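Student: Following this message is one structure expressed as structure tokens.
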Ligand SMILES: [Zn+2]
């Protein structure tokens, strides 16, 4: 397989580029441990697609539904919260798996930095003629 942009054979799977640039760190200070991760710039560029958040929209819907008893204007918040929650839920279940599969199948070119599906090499596959080594005819002393 070669790069679709510059035909270089020096390509790496995007998921490996992403994982190789991640560093998980943990710092202990005063009895508390702070955990986090560092990312290289190329890892950030090769990051997988992210799911859309649901918690904030659900909270807007839930709190608005509670406050409706005080003012009917909260119906607006409940409708917007529920609508966005459903929209993001549908995106996470329908669109996200497609984007993730595309990301998982993509490669990054080490020469030009292009990302995408590689071009399959046609025909010209080299095979190496390997002759097995013969065992020694004399036993070692
Ligand atoms: Zn390239």
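Each reported figure results from applying straightforward, stated rules to the coordinates on display, with no laboratory input. This is a predicted model, so every value here is computed, not measured.
Student: With springs connecting C-alpha atoms under 10 Å apart, model the chain as a Gaussian network and identify which of 14, 76, 89 has the largest mean-square fluctuation.
Tutor: 76
Student: Another question, then. Using a Gaussian network model of the chain whose springs link C-alpha atoms within less than 10 Å, name the residue from 121, 95, 33 with the highest mean-square fluctuation.
Tutor: 33
Student: Enter the angle in degrees (range 0 to 90, nearest 10) between the Cα long axis of helix 96-105 and the first principal axis of the Cα atoms of the chain, meaning the one along which they spread out most.
Tutor: Tilt of helix 96-105: around 20 degrees.
Student: Helix 55-67 versus the longest principal axis of the chain: what angle, 0 to 90°, nearest 10, using Cα atoms?
Tutor: 10
Student: Would you mind checking the tilt of helix 74-90 against the longest principal axis of the Cα atoms of the chain, expressed as 0 to 90 degrees and rounded to 10?
Tutor: Rounded to the nearest ten degrees, it is 20.
Student: State whether region 11-115 is rounded, prolate or oblate according to the following rule on the C-alpha gyration tensor (a ≥ b ≥ c being the square roots of its eigenvalues): a/c under 1.5 gives rounded; otherwise a/b larger than b/c gives prolate, and the remaining case gives oblate.
Tutor: On the way: a/c = 4.42, a/b = 1.67, b/c = 2.65.
Oblate.
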